[in-house]
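Every read-out reported here was derived from the displayed coordinates using simple, explicitly stated rules and does not represent laboratory data. Because the structure is predicted, anything quoted here is derived from the model rather than measured. Cβ placement follows ideal geometry from the backbone for every residue including glycine, while neighbour counts extend to all protein chains displayed.
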Amino acid sequence: MDVAELINFIEFRSWLDYLIAAYLGCFIVQLCYYLFIFSRLAFFKTKEIRVDSNTVCVNLCAKNERDNLLEFLPLYLNQEYPKFEVIVVNDNSVDDTEDVLKAFALQFNYLKIVNVPDTDRFYGSKKFALTLGIKSALYDNVLLTDADCKPLSKYWIKHMSSYDTGKTIVLGFGAYERKKGLLNKLIRFETFYTALQYLSFAQARLPYMGVGRNLGYQADIFFNNKGFASHQHILSGDDDLFINEVATRKNTQIVIHQDAHTVSNAKISYKGWFRQKKRHFLTGSHYKFKHKLMLGALQLSQMGFIALFIALVIMVRPVYLIVGVFVLRYLIQMLIFKLSANKIGGKDLIILSPLFEVFFMIFNPLLVISNLIVKKTKWS
C-alpha cells in the first residue's frame, strides 16, 4: 500500500477526507487535555506538610442523619489536631438527629450544634444551613464535609488545613465506598473522572469547582463574596458554584494525600442516583464562560472522536490510520488513568473505563434534556 494513499485526506478529495480530518482534530484536542492537563494529577507529587497550628472549624449539615452521625461524627471529633471545633447544622431534622448531637455535645465541648429555626424553612436550601454554620464558626479556616462522609484517617484535618503560602482554598477528594454491582462502579468511575478534571485543572491554574464532601477555605473569602447570595435560588452549587466564583489561579491548591480523603456511601438505587445527578447538572450552566468552554471542548472532542471512529472504521479502507490513532489515544488515556488512580483510588475501574466513557457520553446529555423538562427546587 502506497503511503500516499494513507494520507490522501490532506488533499480533501472527498467528504470522507473531511471526516478523517475532523477525527484527527478531535484526537489532537483530546491529546492536549490528557498530556497537558490531566497529566498534572497523574504526575502530582504530594508535598510534606508543614507542622501548623492553624485553628480549624469543621462544618457539616445534617438533615435526618441520625445513623450517619452515630457512625461518622466520632471520626471527626477524634481527629489528631491541636485546636479545632466541629459545627453540625441540624436542618430541621424530624428523626433523632438532635438527640444524637446533644449526647455527643456532653462528651465533646468543641462540638457546636446549630439548629435551623422552623421559621426559616422557606429557604429550602442547604446553602442557608451552611451559611449559618460558617457564621457560627470561631475560627477562620473552614473545612466542609457531609454528614454521610467519613475521613479516611485521624489526620484529615491536618492535611486539609495545611495551606501553602498565599493560598486560601483547598480542594480535596471525596470518594465513594467500593461495593459490588454495576451501579457502584458507574458512580465511582464518574467520581474518579470528575476529580481527574477539577483537580488537574486546578493544578493547571484553572480551578473551576470543588466538592462539598471535602473542601476547605478561609472564612474571609466566603464573607467577601457575600456567601452564596448570587446563586441562593439554585438548588445545588454550595460547593462547585461557590468555588467557580471565588477560585483563582493564585488562591487555590489541591490536597490528595491518602489521609486527606473522605469516603461516602454511594446511592444503591438507579432512581436515587439519577435524581442526584440531575440536581448536580443544574449548576453547570451557571459556570463562568471560560470554564464552560474548556469543559465543552473536552466533551465535544470526546464524543466526536468516538463517534467518528465508529463511522470511519465502517466506511474507510484501509483502517490502519483510523485504528492506530484510536489505539494511541486509548494507551495514553489508560496511562493517565492508572497513574491518577494510584493517587485517588479506582484501580479496579481502569480496565472498564472505555465502556464507562461511552455510557456517560450518551447518558449525560439525556440528563441535561431531563433537567430542561423537570426542575426541583428543594434540598432533601
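Where is the GNM fluctuation largest for the chain (alpha-carbon springs, 10 angstrom cutoff): Met334, Met294, Met315? Evaluated over the chain, the most mobile residue of the options is Met315. Among Phe228, Phe43, Phe192, the largest mean-square fluctuation in a Gaussian network model of the chain, built with springs joining Cα atoms closer than 10 Å, belongs to Phe43.
Straight Cα distances below 17 angstrom link Lys150 to the aspartates and glutamates Glu65, Asp67, Glu71, Glu80, Glu85, Glu177, Asp259, with same-chain residues fewer than 8 positions distant left out.
Below 13 angstrom from the Cβ of Ser353, what's the summed charge of the other residues (Lys, Arg +1; Asp, Glu -1)?
Cβ neighbours under 13 Å give a net charge of +2.
In the chain, Cα pairs under 8 Å separated by at least six residues give a relative contact order of 22 percent. By DSSP, the beta bridges lying fully in the chain are antiparallel in about 30 percent of cases.
State the answer as a single residue: which of Asn364, Phe305, Val255 lies farthest towards the positive end of the charge dipole of the chain, with beta carbon charges of +1 for Lys and Arg and -1 for Asp and Glu, about the Cα centre. The one lying farthest along the dipole's positive direction is Phe305.
Test of understanding: ordering Trp273, Trp156 by Cβ neighbours within 10 Å, fewest first, what list do you get?
Least to most surrounded, the residues fall as Trp273, Trp156.
Look at Tyr217, Tyr163 and count the other Cβ atoms within 10 Å of each Cβ; fewest to most, that gives Tyr163, Tyr217.
Using a simple charge model, +1 on the beta-carbon of Lys and Arg, -1 on the beta-carbon of Asp and Glu, nothing else, what dipole does the chain show about its Cα centre, in debye to the nearest 20? Could the numbers behind the result be given before it?
Numbers: 45 positive and 32 negative charges, 73 e Å.
Its charge dipole is roughly 360 debye.
Set against the 2.2 N^0.38 Å expectation for a compact globular protein, the stretch 56-270 has a Cα radius of gyration ratio of 0.97. Here the stretch 229-380 is treated with +1 on each Lys and Arg Cβ and -1 on each Asp and Glu Cβ, and its dipole about the Cα centre works out to around 320 debye. Between the amide H of Asn59 and those of Ile87, Leu143, Leu144, Thr145, distances stay under 5 Å, these residues lying 5 or more places away or on another chain, with hydrogens modeled in the peptide plane. Using +1 at the C-beta of Lys and Arg and -1 at the C-beta of Asp and Glu, which of Leu235, Leu215, Leu355 has the Cα lying farthest in the positive direction of the dipole of the chain? Result: Leu355, furthest along the dipole toward the positive end. The C-alpha atoms of the chain define a longest principal axis, and helix 182-203 lies at about 90 degrees to it. For the options Gly345, Gly174, Gly133, a Gaussian network treatment of the chain with springs between C-alpha atoms closer than 10 Å singles out Gly345 as fluctuating the most. Does anyone have the angle between helix 126-135 and the longest principal axis of the chain? Alpha-carbon axes, 0 to 90°, nearest 10? The angle comes out near 50 degrees.
Electrostatic tally near Tyr287: other residues with Cβ closer than 14 Å to its Cβ, Lys and Arg +1, Asp and Glu -1, net 0. Counting other Cβ atoms within 10 Å as a rough exposure proxy, the listed residues Val211, Val88 run Val211, Val88 from fewest neighbours to most. A simple rule links phi to the HN-Hα coupling: the Karplus curve 6.51 cos²θ - 1.76 cosθ + 1.60 with θ = phi - 60°, which for the stretch 155-168 gives 10, 4, 4, 4, 6, 6, 10, 8, 7, 6, 4, x, 8, 10 Hz, with x for Gly and Pro.
More than 11 Å apart: what percent of Cα pairs in the stretch 190-238 qualify? In whole percent, the share of Cα-Cα pairs in the stretch 190-238 beyond 11 Å is 75. With everything on Cα atoms, drop me the angle between helix 353-373 and the longest principal axis of the chain, reported from 0 to 90° to the nearest 10. The angle comes out near 70 degrees.
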